[in-house]
Amino acid sequence: MKQDIQHVPYGYEPPAKERKGSLIFYDSFERITDQELEMAARTAVDRKFTKLVLYPLHEETVRRMTKEPVQSYYKREDRLHEWKREQGLPFVTVESLEGKRKKYTPLDSALRHISDVYPAPYFLYLTPEMANLFASYSSFEEWIVKLRLLLSEEPVQIHPRLAKFRHRWDVAGADREE
């Protein structure tokens, strides 16, 4: 097997990576519009993330978290794949863990899977409702020190734990001038 030898000058340091980390959009995607998906993709590009991971929730997970009715997992997943093809964005990935499990997946399990598969640092892109729901879980304080949150818009009501960790989250469009 042939080896490629590269010669570099003494003291050469490889350039630092411009892109880093993963932006994970964790949602049921039942009421998320194409414009909101485009905003998430724009945020990933603007903030130079390596990956935008769309993480659709299984209907059992949504039922346990919010008690709201949703379409079947595969219909929502197919819509995300179709949107990804239309946009032609190579850095977007649709995570299929919940489709493989076909049952309720706790948020802790999902976050452990994400941290095993995707490059760090991790940013969860959430709607204000989902962020408040995440803050209501007992494991929130354990996870908020390992990742940061990007909210799709400014929340009207803030969960007390979310307010306590205000320095660990930001609003996605806050740094953009429109």
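Dividing the helix sum by the residues of the chain, where each DSSP H run of 4 or more adds -39500 (n - 2.57), gives a mean residue ellipticity at 222 nm of -11000 deg cm²/dmol.
Think of the stretch 43-108 as having a plus end and a minus end, set by charges on the Cβ of Lys, Arg, Asp and Glu; of Leu57, Pro90, Tyr104, Tyr104 sits farthest toward the positive end of this dipole. Summary value for the stretch 22-173: 25 percent relative contact order, contacts being C-alpha pairs under 8 angstrom separated by 6+ residues. Using a ≥ b ≥ c from the Cα gyration tensor of the stretch 22-173 (square roots of the eigenvalues), is it rounded, prolate or oblate, where a/c under 1.5 gives rounded and otherwise the larger of a/b and b/c decides, a/b for prolate? Rounded is the answer for the stretch 22-173, as its axis ratio a/c remains below 1.5. Once the trypsin sites (Lys or Arg not before Pro) in DSSP loops with at most 15 neighbouring Cβ atoms within 10 Å are cut out of the chain, the longest remaining piece is 104-145. Between their Cα atoms, which of Lys67/Lys164; Lys84/Lys164; Lys48/Lys102; Lys75/Lys164; Lys48/Lys103; Lys84/Lys146 are more than 31 Å away from each other? In this structure, Lys84/Lys164; Lys48/Lys102; Lys75/Lys164; Lys48/Lys103 lie more than 31 Å apart at Cα. Translational diffusion of the stretch 95-153, estimated by Stokes-Einstein from the Kirkwood radius over alpha carbon pairs at 20 °C in a medium of 1.002 mPa s, is 174 µm² per second.
For the stretch 76-119, list residues with backbone N below 15 Å from a point placed 7 Å from the Cα of Glu60 toward its Cβ? Backbone N within reach: 97-107, 109-110. Taking a sphere under 15 Å around the Cβ of Pro160 and counting the other residues whose Cβ falls inside, with K and R at +1 and D and E at -1, yields a net charge of +3.
Straightening the chain between Ile5 and Leu133 buys 40.8 nm, computed as 0.36 nm per residue apart minus the Cα-Cα spacing.
We did not get these values from a lab; they are worked out from the coordinates using the rules stated. For clarity, every value in this text was computed on a predicted model and none was experimentally measured. Virtual Cβ from ideal backbone geometry, glycine too; neighbours counted across all protein chains shown.
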